[in-house]
Amino acid sequence: MMNKMKVARMTGIKEMHIEQEDVPSIKDNEVLVKTEYVGICGSDMHYYEFGRIGRYVVDKPLILGHECAGTVVERGRDVTSLKIGDRVALEPGRTCGKCWYCKTGRYNLCPDVVFMATPPIDGAFAEYIAYPEDMAFKLPDNVSTLEGALVEPLAVGIHAANQASVGLGQTVAILGAGCIGLMALKAVKAMGAGDVYMSDAIDARLKFATSQGAAKTFNPKEEDIVAEVMKLTDGEGPDIVIETAGAVPSTKQTIDLVRPGGTIVLVGIVPEGDVALNVAKLIDKEAQIKTVFRYRNIYPSAIKAIADGKIEVKSMVTHTFDFDNVKEAFDYAIANKNEVIKAVVKM
């Protein structure tokens, strides 16, 4: 194996360069993974375009990317569950395993989490990654590394569905038909949801959502979503409303949409931070609000759902780029949001 590898580093706003670095050494509990596919996430694009997300600021060169999968090429002496040649999906958050959140199973809330491509932690746009065995999940023979790279956004969608406690035949409204909204659609349908209604300001996304099982779609620029959904639900509203757009209007809309006694799940992060919500209406409906921060304990079930054919993810990939063209991939994804559902980089 070579001693050097290529990495793609963001060096400034809309600046990215491929550089040579040493292949990382592994610890006794780690495997060395030859990266094969990395997805471009909305957060990656936001860092690249604006240099920050909330309190996380890119103030030094950073490797982006956290949706990744590849093949084990070396393993530490204490590794027992993986062997050289195994294909794996990497869960990008590494936690302490000792705090109250980790001990109670809510490790996504660990205050000491180290998460790929969240400043100052480097991400996955590198030819090789050294990674802990327990966060590298083996892929079955019928699951490709391309699909493995999509496990991460799927995990967010599944976590949203879990937070909502989706029941058989329940009606769901999903606000935002980007990658996460579409993964939430796939998750709630796999869990037995009935009609799923989706909204987005981009018509191409709505068309794609229909092809993936959405019963009805709406463009908020052209239609009164609340009025239309109320007509479809006999004036009651959907049992579950999932907000994935991270926009102020749609976040406010969740309370207007949800039926009395229903559940709202907030997934999208509103850049402005503060949102004024109609708490009186929320209380009057005795609806509950739940939130999603990444995911926890989901990778194994997400991989099995793909392997068993219960959730299909390959169709999410609309654009594929070679690693040498990673900067062009970011520029294209940002400039063509109307047509890109999910862009991936083949390493």
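Per-structure values
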{"item": "GNM result for the chain, Cα springs below 10 Å: residue of Cys68, Cys102, Cys179 fluctuating most strongly", "result": "Cys102"}
{"item": "Long-range HN-HN contacts of Ile289 with modeled amide H, under 5 Å", "result": "Ile264"}
{"item": "Amide H contacts of Met16 (H built 1.01 Å from N, under 5 Å, at least 5 apart or other chain)", "result": "Thr11"}
{"item": "Mean residue ellipticity (222 nm) of the chain, computed from DSSP H runs ≥ 4 via -39,500 (n - 2.57), nearest 500", "result": "-8000 deg cm²/dmol"}
{"item": "For region 310-316, 3J(HN,Hα) per residue [Karplus equation, 6.51 cos²θ - 1.76 cosθ + 1.60, θ = phi - 60°, Hz, x = Gly/Pro]", "result": "7, 9, 9, 10, 4, 5, 5"}
{"item": "Extension gain, Val248 back to Lys337 (0.36 nm per residue minus Cα-Cα distance, nm)", "result": "30.1 nm"}
{"item": "Length added when fully stretched, Lys216-Thr291, from 0.36 nm per residue minus Cα-Cα", "result": "24.5 nm"}
{"item": "Charge sum, other residues only, whose C-beta stays under 12 Å from Thr95's C-beta, Lys/Arg counted +1 and Asp/Glu -1", "result": "+3"}
{"item": "Linear extension gain, Cys99 paired with Asn29, 0.36 nm per residue minus alpha-carbon span", "result": "23.2 nm"}
{"item": "Highest-first arrangement of 16-23, 325-332, where packing means the average Cβ count within 10 Å", "result": "325-332, 16-23"}
{"item": "Simple spin-label estimate for Arg52 and Leu168 in nanometres, 7 Å along Cα-Cβ", "result": "5.1 nm"}
{"item": "Percent of Cα-Cα distances greater than 26 Å, calculated over region 157-291", "result": "10 percent"}
{"item": "Glu19/Lys207 FRET efficiency (R0 30 Å; Cβ-Cβ; nearest 0.05)", "result": "0.15"}
{"item": "Listed residues Thr318, Thr171, Thr251, most fluctuating in the chain (Gaussian network, C-alpha, under 10 Å)", "result": "Thr318"}
{"item": "Simple spin-label estimate for Val114 and Asn3 in nanometres, 7 Å along Cα-Cβ", "result": "2.4 nm"}
{"item": "Inter-label distance for Asn142 and Lys83, nm, one decimal - labels placed 7 Å from Cα along Cα-to-Cβ", "result": "2.2 nm"}
{"item": "Cα-Cα P(r), the chain, percent of pairs per 10 Å interval", "result": "6, 25, 34, 24, 10, 2, 0"}
{"item": "Per-residue HN-Hα couplings for region 58-68 [Karplus 6.51, -1.76, 1.60; θ = phi - 60°; Hz; x = Gly/Pro]", "result": "7, 10, 7, x, 9, 8, 8, x, 9, 9, 8"}
{"item": "The chain - charge dipole about Cα centre, Lys and Arg +1 at Cβ, Asp and Glu -1, debye rounded to 20", "result": "600 debye"}
{"item": "R0 of 45 Å, Cβ-Cβ distance Val73-Asn278: FRET efficiency to nearest 0.05", "result": "0.25"}
{"item": "Long-range HN-HN contacts of Glu74 with modeled amide H, under 5 Å", "result": "Leu32"}
{"item": "Cα-based reach from Lys207 at 25 Å (exclusive), listing lysines while leaving out same-chain residues under 8 positions away", "result": "Lys186, Lys189, Lys216, Lys221, Lys231, Lys252, Lys310, Lys314, Lys337, Lys342"}
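Quick note: the coordinates plus some simple rules give every number you see, no bench work behind them. Bear in mind that the values here come from a model prediction, so they are computed numbers and not experimental data. Ideal geometry is used to build each Cβ from the backbone, glycine not excepted, and the neighbour counts take in all protein chains shown.
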